[in-house]
Amino acid sequence: MFRGINLLCGLVYLSSLTSCGSTNFGSSNERTSPQKKEPADSGAKPVASPSPIPAIAPANDVYLGGMDQLFHLGDGNMSEDSDCYSEVLQHSLTGTKFTFEFELMADSPQVQIAIEKICGVDRSNNQLYLESNGSKLVDKMLKPNDKTALEILGQGTALKKGKYKLVIQSASMVAGFEGVVDFDDFIVGQIHIKSQNAQIVQGQILSE
């Protein structure tokens, strides 16, 4: 009789091990296979536009990206009372920050830079700066009253031969109870550079 009870207990014990193994633990492959990681975002990327950005021949007077190219900064979340709402929505969203690269091929005693098309700026803390070798030469804010054109460098400004970056960044703010980060949506274009004597070579136009 005792042998029968022991045999029965052994069967119950083995059954419980099998049950636990099938429901609580999972296979060895599930325990040891590493989690797949997504590749990290590389940051700035060349702008992809519905109409390709044309190559600009070196000249003393150029529009970066072409005279007809407009760039939409922001996150695409706009209310209908936003300034220039309908016109901004006509242009594909590309990023919250743009970098326009160019090179001055010789020292120039007079360089002028202006953004001749601005539309939709609602906030007063959108950043704009011109830099060379990591140093800011101009540091401005795009503001709601900048509706038509903005002078970055006026007539009579001298620049040395070298590479430059014009950076425009949409202002962000935390909106609502959920703490959602919202960016100002606006468009810029007709980025005009004139030099008295030095040729200007357009570099990359990058967005983030």
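The values are calculated or read from the model by the stated rules, or taken from the named source; none is laboratory data. Quick caveat: nothing in here was measured; it's all calculated off a predicted structure. Using ideal geometry, Cβ is built from the backbone for each residue, glycine included, and neighbour counts are taken over all protein chains shown.
Meeting the requirement of 1 or more residues that are surrounded by 17 or more Cβ atoms within 10 Å (Cβ to Cβ), the strands (runs of 3 or more DSSP E) wholly within the stretch 126-203 are 126-132, 135-142, 150-159, 162-169, 180-183, 186-195.
Within the stretch 58-77, being surrounded by 15 or more Cβ atoms within 10 Å (Cβ to Cβ), of a type outside the set (Val, Ile, Thr) and either touching a helix residue (DSSP H, G or I) at 6+ places or on another chain (Cβ under 6 Å) or not in a loop (DSSP other than H, G, I, E, B) (or both) holds for 63, 64, 70, 71, 72, 73.
Would you check which residues across the stretch 92-117 are assigned to a loop (DSSP other than H, G, I, E, B) and surrounded by fewer than 19 Cβ atoms within 10 Å (Cβ to Cβ) and list them? Result: 92, 105, 106, 107.
Restricting attention to the stretch 60-97, the residues that are within 13 Å of residue 186 (Cβ to Cβ), modelled with pLDDT of 85 or more and β-branched (Val, Ile, Thr) total 1.
Within the stretch 105-122, does at least one residue satisfy the condition of being within 15 Å of residue 206 (Cα to Cα), basic (Lys, Arg), modelled with pLDDT of 85 or more and assigned by TED's automatic domain parsing to the domain that holds residue 154? The answer is no, given that none of the residues of the stretch 105-122 is within 15 Å of residue 206 (Cα to Cα), basic (Lys, Arg), modelled with pLDDT of 85 or more and assigned by TED's automatic domain parsing to the domain that holds residue 154.
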